[in-house]
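Participant: Quick one: the structure is below, and I'll ask about it shortly.
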Amino acid sequence: MCGIVGIVSTQQVNQQIYDSLLLLQHRGQDSTGIATMEGNVFHIHKSKGQVREAYRTRNMRTLSGNIGVGHVRYATQGAAEREDEAQPFYVNAPYGIILIHNGNLINTRELEQELFKKDRRHTNSTSDTEMLLNILATELQAQVSGSELTTHQIFSAVKAVHSRVKGSYSAVAMLASHGLLAFRDPFGIRPLVLGRRLNSKGKKEWMVASESLVLENGDYEIVRDVDPGEAIFITTEGELFSHQCASNPRLYPCSFEYVYLARPDSIMNGISVYEARLRMGDYLAKTIANNITSGDIDVVMPIPDSSRPAAMQVARQLGIEYREGFFKNRYVGRTFIMPGQAQRKKSVRQKLNAMGTEFKGKNVLIVDDSVVRGTTSKQIVHMARDAGANEVTFTSAAPPVRYPHVYGINMPSRRELIAHNRTNSEVASVLSIDNMIYQEVDDLKKAIIQNSEVKDLDMCCFTGEYVTGSVNSEYLDWVESNCLS
């Protein structure tokens, strides 16, 4: 999972991109990068760490130009600790291309061989984004027949990329002297939203970003989501062209975006993240009522912040008092996207503190958005016990995460997943709680897609069904053997 933004403007874009990346910081904390285009010259700055620490005044001054892209990274491919793995990536031919990418390619082994033996291209990192860039460059080079680059050639190149690449990818690229290209994989797994605004002279300016809140913050009108398989090209003069480049596009947005990853004030694929999380609470309340007697629970408490909407609805539906028992330190990053288990464990108690007056002598029902590795959950339970809780029931607004996620979320190893090959009671035993209650798979799906035009979702980490195909036991074994520590 990463956050991406691309802008075609009539003015300098460096500050706009910086501001956009601040709004997308929740999508990645490992590294960040900005690239701008001034005529046929690219300016790039990228660094490890978060946005506020990565850019100084001297860096921003070098990022001149009216077209630009920005990225915040949460590593699922490549080494998180290496600065040269940070995006954007650059190749000098044809024309010069810079690319950023949110997602995860699943056929990197085959692509690595093709790039070296067939395309005669060299990649200098372990990042699948650099692979995607070089494949786009190869296919665009194959299309170029004259001195002028046409939109037909660009869209034909993207079509060829779709035929070669498997996995999830929302990508934004700058073509030197030509404009900005954005495209989305044929299953639309990772989000990408298009926005437009008019400058003081009535000229169009454009933005594409991972989440709608970025567009709204910049006073852009949300035009629509980029369709699965679609490519959009915006010239340096602000003229937009679009084309469906996939032969059989189908929309399967990632369910985990709505469970945890996206900010609640975003709308993606026509679905309000906040409203979806409220509905998750409604459905979860029914499951809770079927498993325990509401009179046995004194208070409902969320794990801030992403589980708060679901917890409010659980309390409302069950008629139980809603209380905030955990105080969050907002200066510590999201523990789920911390690199490595040791860092996650260290961060939980720095991030949350249990207020004893809210727990002492009470039977507490804790609502979290999801339970993945159990690292955070186990420490939260210990905090509740230490604060004096009598009984602890732990509930998850998402179903049990039993399978690896291979489309851009760092859940690569089955052995890390607390619910893999465990029953709910066995998970409860590991967490030292009285009850463990999960959302039902069908209920999560209904909660997300209700009242929308979306017909299905990518729910691979809950069901083990991988929408792109080509994911088998051999591949999962390989991913586990090469996954990040």
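Participant: Hey, could you check the stretch 169-216 for residues that are among the basic types (Lys, Arg) and assigned to a loop (DSSP other than H, G, I, E, B) and say which is farthest from the chain's Cα centre (by Cα)? Step through it out loud before you land on a result.
Facilitator: Kept after step one, since they are among the basic types (Lys, Arg), are these residues of the stretch 169-216: 184, 190, 196-197, 201, 203-204.
Filter once more, keeping what is assigned to a loop (DSSP other than H, G, I, E, B): 190, 201, 203.
Numbers: Arg190: 7, Lys201: 36, Lys203: 32 Å.
The residue in question is Lys201.
Every residue, every condition in (1) among the β-branched types (Val, Ile, Thr); (2) surrounded by fewer than 16 Cβ atoms within 10 Å (Cβ to Cβ); (3) modelled with pLDDT under 95, yes or no:
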{"position": "Leu63", "(1), (2), (3)": "no, no, no"}
{"position": "His71", "(1), (2), (3)": "no, no, no"}
{"position": "Thr76", "(1), (2), (3)": "yes, no, yes"}
{"position": "Glu81", "(1), (2), (3)": "no, yes, yes"}
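Every residue, every condition in (1) under 16 Å from Phe89 (Cα atoms); (2) surrounded by fewer than 21 Cβ atoms within 10 Å (Cβ to Cβ), yes or no:
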position: Thr126; (1), (2): yes, yes
position: Ala137; (1), (2): yes, no
position: Gly146; (1), (2): no, yes
position: Ser156; (1), (2): no, yes
position: Ser163; (1), (2): no, yes
position: Ser168; (1), (2): no, no
position: Ala171; (1), (2): yes, no
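Participant: Between a first residue in the stretch 122-145 that is touching a residue at least 40 places away in the same chain (Cβ under 8 Å) and under 14 Å from Glu110 (Cβ atoms) and a second residue that is assigned to a helix (DSSP H, G or I) and of a type in the set (Val, Ile, Thr), which pairs have beta carbons less than 9 Å apart while being 6 or more apart in sequence or on different chains?
Facilitator: Asp128/Thr108
Participant: Are any residues in the stretch 244-260 of a type outside the set (Gly, Ala, Ser) and crowded, with 18+ Cβ neighbours inside 10 Å, and if so, which ones? Break it down into steps so the answer makes sense when it comes.
Facilitator: First, pick out the residues of the stretch 244-260 that are of a type outside the set (Gly, Ala, Ser): 244-245, 248-254, 256-260.
Scanning the stretch 244-260 gives Cys245, Leu251, Tyr252, Pro253, Cys254, Phe256, Glu257, Tyr258, Val259, Tyr260.
Participant: Considering only residues that are of a type in the set (A, V, I, L, M, F, W, C) and at pLDDT below 70, look in the stretch 310-357 and name the one that is surrounded by the fewest Cβ atoms within 10 Å (Cβ to Cβ). Break it down stepwise before answering.
Facilitator: At the first step, the residues of the stretch 310-357 found to be of a type in the set (A, V, I, L, M, F, W, C) are 310-312, 314-315, 318, 320, 326-327, 332, 336-338, 342, 348, 352, 354-355.
Next, only the ones that are at pLDDT below 70 stay: 332, 336-338, 342, 348.
Working: Val332: 15, Phe336: 20, Ile337: 22, Met338: 24, Ala342: 11, Val348: 19.
The residue in question is Ala342.
Participant: Kindly indicate whether Leu99 is aliphatic (A, V, I, L, M), more than 20 Å from Leu261 (Cβ to Cβ), touching a Pro at 6+ places or on another chain (Cβ under 7 Å) and modelled with pLDDT of 95 or more. Lay out the reasoning, then the answer.
Facilitator: Values: aliphatic (A, V, I, L, M): yes; more than 20 Å from Leu261 (Cβ to Cβ): yes; touching a Pro at 6+ places or on another chain (Cβ under 7 Å): yes; modelled with pLDDT of 95 or more: yes.
Judged against the criteria, Leu99 is a match.
Participant: Let me ask another. Quickly run through the stretch 445-472 and pick out the residues that are among the hydrophobic types (A, V, I, L, M, F, W, C), buried (at least 21 other Cβ atoms within 10 Å of the Cβ) and closer than 17 Å to Tyr407 by Cβ. Working first, answer last.
Facilitator: Initially, the stretch 445-472 is screened for residues among the hydrophobic types (A, V, I, L, M, F, W, C), giving 447-449, 454, 457, 459-462, 467, 471.
Adding the requirement that they be buried (at least 21 other Cβ atoms within 10 Å of the Cβ) leaves 447-449, 457, 459-462, 471.
Across the stretch 445-472, the qualifying residues are Ile448, Leu457, Met459, Cys460, Cys461, Phe462, Val471.
Participant: Taking the stretch 235-281 as the search range and keeping residues that are among the small types (Gly, Ala, Ser) and assigned to a loop (DSSP other than H, G, I, E, B), which one is farthest from the chain's Cα centre (by Cα)? Before the answer, list the steps.
Facilitator: Residues of the stretch 235-281 among the small types (Gly, Ala, Ser): 238, 242, 246-247, 255, 262, 266, 270, 272, 276, 281.
Applying the additional criterion that residues be assigned to a loop (DSSP other than H, G, I, E, B) yields 238, 246-247, 262, 266, 270.
On the way: Gly238: 28, Ala246: 22, Ser247: 25, Ala262: 7, Ser266: 12, Gly270: 17 Å.
Per the criteria, the residue is Gly238.
Participant: Please enumerate the residues belonging to the stretch 32-49 that are out of contact with any helix residue (DSSP H, G or I) (no Cβ under 6 Å at 6 or more places or on another chain) and at pLDDT below 95.
Facilitator: Correct list: Gly39, Asn40, Gly49.
Participant: Also, quick follow-up: Any chance the stretch 438-449 includes a residue that's assigned by TED's automatic domain parsing to the domain that holds Asn290, touching a strand residue (DSSP E or B) at 6+ places or on another chain (Cβ under 6 Å) and among the aliphatic types (A, V, I, L, M)?
Facilitator: No; the residues of the stretch 438-449 include none that is assigned by TED's automatic domain parsing to the domain that holds Asn290, touching a strand residue (DSSP E or B) at 6+ places or on another chain (Cβ under 6 Å) and among the aliphatic types (A, V, I, L, M).
Participant: Out of Thr150, Thr108, I need the residue that is crowded, with 17+ Cβ neighbours inside 10 Å and either at pLDDT 90 or above or not assigned by TED's automatic domain parsing to the domain that holds Ile98 (or both). Which one? Walk me through how you get there before you give the answer.
Facilitator: On the way: Thr150 fails: crowded, with 17+ Cβ neighbours inside 10 Å.
Selected residue: Thr108, the only one of Thr150, Thr108 that is crowded, with 17+ Cβ neighbours inside 10 Å and either at pLDDT 90 or above or not assigned by TED's automatic domain parsing to the domain that holds Ile98 (or both).
Participant: Taking the stretch 173-208 as the region of interest, how many residues are surrounded by fewer than 19 Cβ atoms within 10 Å (Cβ to Cβ) and within 19 Å of Val223 (Cα to Cα)?
Facilitator: Residues in the stretch 173-208 being surrounded by fewer than 19 Cβ atoms within 10 Å (Cβ to Cβ) and within 19 Å of Val223 (Cα to Cα): 7 in total.
Participant: Which of the residues spanning the stretch 116-132 are farther than 20 Å from Thr468 by Cβ and not in a loop (DSSP other than H, G, I, E, B)? Give the derivation first.
Facilitator: Applying the first criterion (farther than 20 Å from Thr468 by Cβ) to the stretch 116-132 yields 116-126, 130.
Across the stretch 116-132, the qualifying residues are Phe116, Lys117, Lys118, Glu130.
Participant: Among the candidates Gln317, Gln313, which residue alone is assigned by TED's automatic domain parsing to the domain that holds Thr395, outside any strand (DSSP E or B) and within 30 Å of Asp225 (Cβ to Cβ)?
Facilitator: Details: Gln317 fails: within 30 Å of Asp225 (Cβ to Cβ).
Going through Gln317, Gln313 in turn, just one is assigned by TED's automatic domain parsing to the domain that holds Thr395, outside any strand (DSSP E or B) and within 30 Å of Asp225 (Cβ to Cβ): Gln313.
Participant: Note down all Cβ pairs under 8 Å where the first residue falls in the stretch 372-392 and is in contact (Cβ under 8 Å) with a residue 40 or more places away in the chain and surrounded by 19 or more Cβ atoms within 10 Å (Cβ to Cβ), the second is assigned to a helix (DSSP H, G or I) and aromatic (Phe, Trp, Tyr), and they're at least six residues apart or on different chains.
Facilitator: Val372/Phe336; Thr376/Phe336; Ala384/Phe359; Ala387/Phe359
To keep it simple, each residue is scored yes or no on (1) under 22 Å from the mean Cα position of the chain (by Cα); (2) in a loop (DSSP other than H, G, I, E, B).
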{"site": "Arg385", "(1), (2)": "no, no"}
{"site": "Ala389", "(1), (2)": "no, yes"}
{"site": "Val392", "(1), (2)": "no, no"}
{"site": "Pro400", "(1), (2)": "yes, yes"}
{"site": "Arg422", "(1), (2)": "no, yes"}
{"site": "Ile433", "(1), (2)": "no, yes"}
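Participant: Which of the residues that make up the stretch 43-63 are touching a residue at least 40 places away in the same chain (Cβ under 8 Å) and in contact with a strand residue (DSSP E or B) (Cβ under 6 Å, 6 or more places away or on another chain)?
Facilitator: Of all residues in the stretch 43-63, those touching a residue at least 40 places away in the same chain (Cβ under 8 Å) come to 44, 46, 50, 60, 63.
Within the stretch 43-63, Ile44, Lys46, Leu63 meet the criteria.
The values are calculated or read from the model by the stated rules, or taken from the named source; none is laboratory data. As the structure is a computational prediction, the values presented were derived from the model and not from experiment. Note: ideal-geometry Cβ built from the backbone for every residue, glycine included; neighbour counts use all protein chains shown.
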